[in-house]
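Below is one structure, written out as structure tokens, with a few remarks after it.
No lab work stands behind these numbers, since they all come straight from the coordinates. Keep in mind the model is a prediction, meaning the values are calculated, not measured. We place every Cβ from the backbone using ideal geometry, glycine too, and count neighbours over all the protein chains shown.
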């Protein structure tokens, strides 16, 4: 079978999903796409995707369906609806690839439920943001047994620069939880460094340039340099989403019975960000929280995050 003849379904054409589906088209795949938003669906059509009227049409047309949705409740809603993925009597779908960031615990439970209905679940969350989605350089972390992994690998390689099977179902999402813990911890460390530099009279842009040239450099620093140095909290990655992901870290820690003191502290900080109504801002907005600029919630932050005026 040639690549051009292979059909894959794609549901969820948001800021990352649309370029991911587009990259599948560019790789020669026949993509049948669906999205609740009509403009996004029309954009997918303009990019070369075939468009479907509902999820059931996608499931009837192809054996492999990819979802790029915010969380498992959205995936589950598309499975169970009257026009959902499990609805068509002649359903072709037998493999569901969940590429959004979801709970490792819950995706394993979903996989168990769907096995009885003839559907294999592969969890394959990504890291790399909108830029990585557009460039096809995402890091894809996969949870699957070897056979389904081999089956979906060509699709994943069309969207990612690094694709790695981490273990059975749920392992991809656990890897993403680890990734998000490092991202959140790094963001808080950078925000604290900027705050300390400000209070000490340093030029914060110069500080971040120096950090980027040494051992402290990271992709987080590269992507958040402007946000932190200019206090520009226009969202590229909303703080609310990172808080959701940190909840999955906590779920996994409870499931594995491991203590993660840094995760506890960072989760508390991002919960305070959300409580102050800042969840729609960029996840670097934790700097604004640490500055104590907001009246509500800041006094509840544990002592190490209080600053002297």
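Numbers at a glance
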{"item": "C-alpha long axis of helix 171-199 to longest principal axis of the chain, angle in °", "result": "20 degrees"}
{"item": "Ranking of 10, 29, 233 by count of other Cβ atoms within 10 Å, fewest first", "result": "233, 29, 10"}
{"item": "Pair residue 81, residue 116: separation of 7 Å Cα→Cβ label points (nm)", "result": "2.5 nm"}
{"item": "Whole-Å semi-axes of the chain's equivalent ellipsoid (Cα gyration tensor)", "result": "38, 20, 17"}
{"item": "The range 214-252 versus the range 1-55: alpha-carbon centroid distance in Å", "result": "28 Å"}
{"item": "Cα-projected label distance for residue 260 with residue 212, points at 7 Å along beta-carbon direction, nm", "result": "2.9 nm"}
{"item": "Antiparallel bridge percentage (DSSP; both residues within the range 3-169; nearest 5)", "result": "10 percent"}
{"item": "Spatial separation of Cα centroids for the range 59-102 and the range 132-194, in angstrom", "result": "20 Å"}
{"item": "Relative contact order, percent, the range 174-305 [alpha-carbon distance under 8 Å, six or more residues apart]", "result": "32 percent"}
{"item": "Using a Förster distance of 41 Å, the FRET efficiency for residue 222-residue 147 (Cβ separation, nearest 0.05)", "result": "0.65"}
{"item": "Added length on full extension, which subtracts the Cα-Cα distance from 0.36 nm per residue, residue 135 to residue 182", "result": "14.6 nm"}
{"item": "Cα gyration tensor category, rounded, prolate or oblate, for the range 40-103 with a/c compared to 1.5", "result": "oblate"}
{"item": "The chain: angle of helix 239-256 to the longest principal axis, Cα-based, in degrees nearest 10", "result": "80 degrees"}
{"item": "The chain: relative contact order as a whole-number percent, Cα under 8 Å and 6+ apart", "result": "12 percent"}
{"item": "Label-to-label distance, nm, for residues given as residue 235 and residue 253 (7 Å Cα→Cβ offset)", "result": "2.5 nm"}
{"item": "Length released on extending from residue 192 to residue 7, taking residue separation times 0.36 nm less the Cα-Cα span", "result": "61.8 nm"}
